[in-house]
Amino acid sequence: QVQLVESGGGLVQAGGSLRLSCAASGSRFSINAMGWYRQAPGKQRELVATITTSGTTNYLDSVKGRFTISRDNAMNTVYLQMTSLKAEDTAIYYCYARVVFTSYWGQGTQVTVSS
């Protein structure tokens, strides 16, 4: 069973920055894609950013140029550097990892951006 442990959420003023981290453990196989989703109150969960083992990235249009996803394959850790944060970025951010054909999720970390 793969466990994902997130850290780095919190409260920040608009225009500020936060860095989220997510460490995966317990996988017997290589972790393929890792990434971040978010869910704001009353809204559906949406993809924020993903990164493959080879470093190919994909971003939600509204965060392009502000968020950067990176990954340490040796440590099975994924990061999300968030800059120029806006109130609409407020959400619970969930780490995600895909191992073979199974997806795993972290418990979520709250990011609140005050305007």
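Assorted remarks:
- Think of region 6-115 as a dipole: +1 on every Lys or Arg Cβ, -1 on every Asp or Glu Cβ, centred on the Cα centre; then among C95, G55, A40, G55 lies furthest on the positive end.
- Overall, the chain carries a charge dipole of about 100 debye about its Cα centre when +1 sits on the Cβ of Lys and Arg and -1 on the Cβ of Asp and Glu, all other atoms neutral.
- Residues of region 72-115 with amide N under 13 Å of the 7 Å Cα→Cβ point at E46: 86-92
- In the chain the longest region clear of chymotrypsin sites (Phe, Trp or Tyr not before Pro) that are loop-assigned by DSSP and have at most 11 other C-beta atoms within 10 Å covers 30-100.
- Restricting attention to the chain, close to 90% of DSSP beta bridges with both partner residues there are antiparallel.
Coordinate-derived values only; no laboratory data. Predicted model only: the values in this text are computed from it and were never measured. Glycine gets a Cβ as well: all are built from the backbone with ideal geometry, and neighbour counts include every protein chain shown.
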